[in-house]
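Inspection log for the structure reproduced underneath, given as structure tokens.
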Amino acid sequence: MRQDADDMAVEITVLSGLGAKAPAAILVETPSARLLLDAGGALDPGTPCECVSEWVTDLERRGWPDAILLSHDHIDHVGSVAALPWDIALYCTHEAARALPPGRPWRPLASRGEQTIAGVAVTTGQAGHSLDGVWLHLALGQGIFYSGDACLESAVFPFDLPPPAAIALLDASYGRYDRSLGEAQATMAQRLDHPTVMPVPASGRAAEIALWFVDHAGSDGPAGLALDDGCRRALERLLALPATLRRPGIDARLRELLAAPTADAPRLMLVADDGRRDTWPGFRTLHSGYLTPSRQRQVASGEADWQRWNVHPRRSDIRVLMNQLGARKLWPLFTDLTPDWSQEFVLSCPAQARVAAGARPHSTHTEASDAAG
């Protein structure tokens, strides 16, 4: 879709991520610069995804961008970097760089601040979703804001208020869902009356769930919790970041978690999720985010449980962001574009937008099948 402002023609093309939960890839073009925001791979790790190759092929046909900007390290935002030419300048934080193919050159993207990339003034801030995950604000026209994955409720990761922008490309992975994290936690606590394993993104909700369990759900404190090596290393990296990239007041509790011996018979075990393993003998599996097709079948058959842990914006959070930005138009990303979106927000019409790979709406609408990471 072409946006004209301040005598500058700006074209935004959602290559993937508009109309469904799908890999993130947004192309922003001006007469003098072409920026790719995120380069998402298959949502199911290790599984070929036709929509990924489609958006990469579409981008190649249009012409490679001047630069790639990555919001954070999760596979649905970085997983296709390997399919793009390595001579394209790539900008990301040190944490996101850990997810790049070995040897892939990259340039530092500020955790929060301003810098110029391909002649475009780019402002970044913490997005509240993962270790040093950022949102992106482009000083084009009256401002373009891209949230990447974001969360305003995290007790671990800060969310920085963004500057004004007329156009908001926002993470809407939860659709119209509007329950608070506190409500979700209360429901989750009821599911921990037996030994439970939770596969989680190590650089995402692992730290939050660990602290919550010790503070509110674990009568035996850290002794009732076990962290696998992936989650433990992520906690160490979290503590190694500058203190301003964590919510205040949590450092002592994080160090206590790391110092605690591994529980022999934990009530909750957190494991770094690679998307491939689905069962852990002796533990009931509890998923808390996006469900792959095989995990949807697990939950539907009663072999595993699912309870959302909020790591994306709720409907009310999207309203807060739109008001903070002073945005005139919303592009709801990573969700089905149901008619009720237009009842509350002025949308950049999907019929005018470029809806490319991965944008086919889901046909199932159960809470479990719509679960997002």
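At-a-glance table
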read-out: Ranked packing of 197-206, 338-347, most packed first, by mean Cβ within 10 Å; value: 197-206, 338-347
read-out: Inter-site label distance for Ser342 and Glu236 at 7 Å from Cα along Cβ, in nm; value: 5.3
read-out: Once the Cα gyration tensor of region 57-113 is diagonalised, semi-axes √(5λ) in Å; value: 19, 12, 11
read-out: Kirkwood-Stokes translational diffusion coefficient of region 47-178, alpha-carbon pairs, 4 °C, 1.567 mPa s, µm²/s; value: 83
read-out: Rg/Rh ratio calculated on Cα atoms of region 265-309 (Kirkwood radius); value: 0.92
read-out: Extended-chain gain in nm, criterion 0.36 nm per residue less alpha-carbon gap, Asp264 and Arg98; value: 56.7 nm
read-out: ³J(HN,Hα) computed for each position of region 83-97 - Karplus, 6.51 cos²θ - 1.76 cosθ + 1.60, integer Hz, glycine/proline x; value: 8, 9, x, 6, 8, 6, 4, 10, 10, 7, 6, 4, 5, 5, 4
read-out: 10 Å-binned pair-distance histogram of the chain (Cα, whole percent); value: 5, 25, 35, 24, 9, 2, 0
read-out: Gain on full stretching of the segment that runs from Arg276 to Thr116 - 0.36 nm per residue minus C-alpha separation; value: 53.7 nm
read-out: Acute angle (nearest 10 degrees) that the helix 229-240 long axis makes with the longest principal axis of the chain, alpha-carbon atoms; value: 60
read-out: Probe 1.4 Å, protein heavy atoms only - accessible area per residue of the chain in square angstrom; value: 39
read-out: ³J(HN,Hα) computed for each position of region 183-190 - Karplus, 6.51 cos²θ - 1.76 cosθ + 1.60, integer Hz, glycine/proline x; value: 5, 5, 5, 4, 5, 5, 4, 6
read-out: Set of region 258-275 residues, backbone N closer than 19 Å to the point 7 Å along the Cα-Cβ line of Asp229; value: 258-264, 269-275
read-out: Magnitude of the charge dipole, the chain, Cβ model with Lys/Arg +1 and Asp/Glu -1, debye to 20; value: 100
read-out: Rounded to 5, the percent of DSSP beta bridges in the chain classed as antiparallel; value: 45
read-out: Debye intensity ratio I(q)/I(0), log10, region 188-302, q values 0.13, 0.17 Å⁻¹ (C-alpha model); value: -0.49, -0.82
read-out: Estimated FRET transfer efficiency when R0 is 41 angstrom, pair Ser180-Ser32 (beta carbons, to 0.05); value: 0.40
read-out: Whole-Hz couplings from phi, Karplus 6.51/-1.76/1.60, listed for region 118-132; x for Gly and Pro; value: 6, x, 10, 6, 10, 10, 10, x, 5, 9, x, 10, 7, 4, 6
read-out: Rounded percent of accessible protein surface that carbon and sulfur make up, region 126-274, 1.4 Å probe; value: 53
read-out: Placed amide H near Arg107: partners under 5 Å, 5+ positions off or other chain; value: Leu90, Tyr91, Cys92
read-out: Packing-based order for 125-138, 296-309, 70-83, using average beta carbon neighbours within 10 Å, highest first; value: 125-138, 70-83, 296-309
read-out: Solvent exposure, largest accessible area first (probe 1.4 Å, DNA, RNA and ligands not counted), of His94, His287, His194; value: His94, His194, His287
read-out: Under 5 Å, built H, 5+ apart or other chain: amide partners of Ala327; value: Ala165
read-out: For peptides 247-260, 139-152, sequence by mean Cβ density within 10 Å, most packed first; value: 139-152, 247-260
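The values are calculated or read from the model by the stated rules, or taken from the named source; none is laboratory data. As the structure is a computational prediction, the values presented were derived from the model and not from experiment. Don't worry about glycine lacking a Cβ; one is built from the backbone with ideal geometry, like all the others, and counts go over all protein chains shown. What goes into the accessible areas is simple: the full protein's heavy atoms, side chains included, and nothing from ligands, DNA or RNA. Shrake-Rupley method; radii C 1.70, N 1.55, O 1.52, S 1.80 Å.
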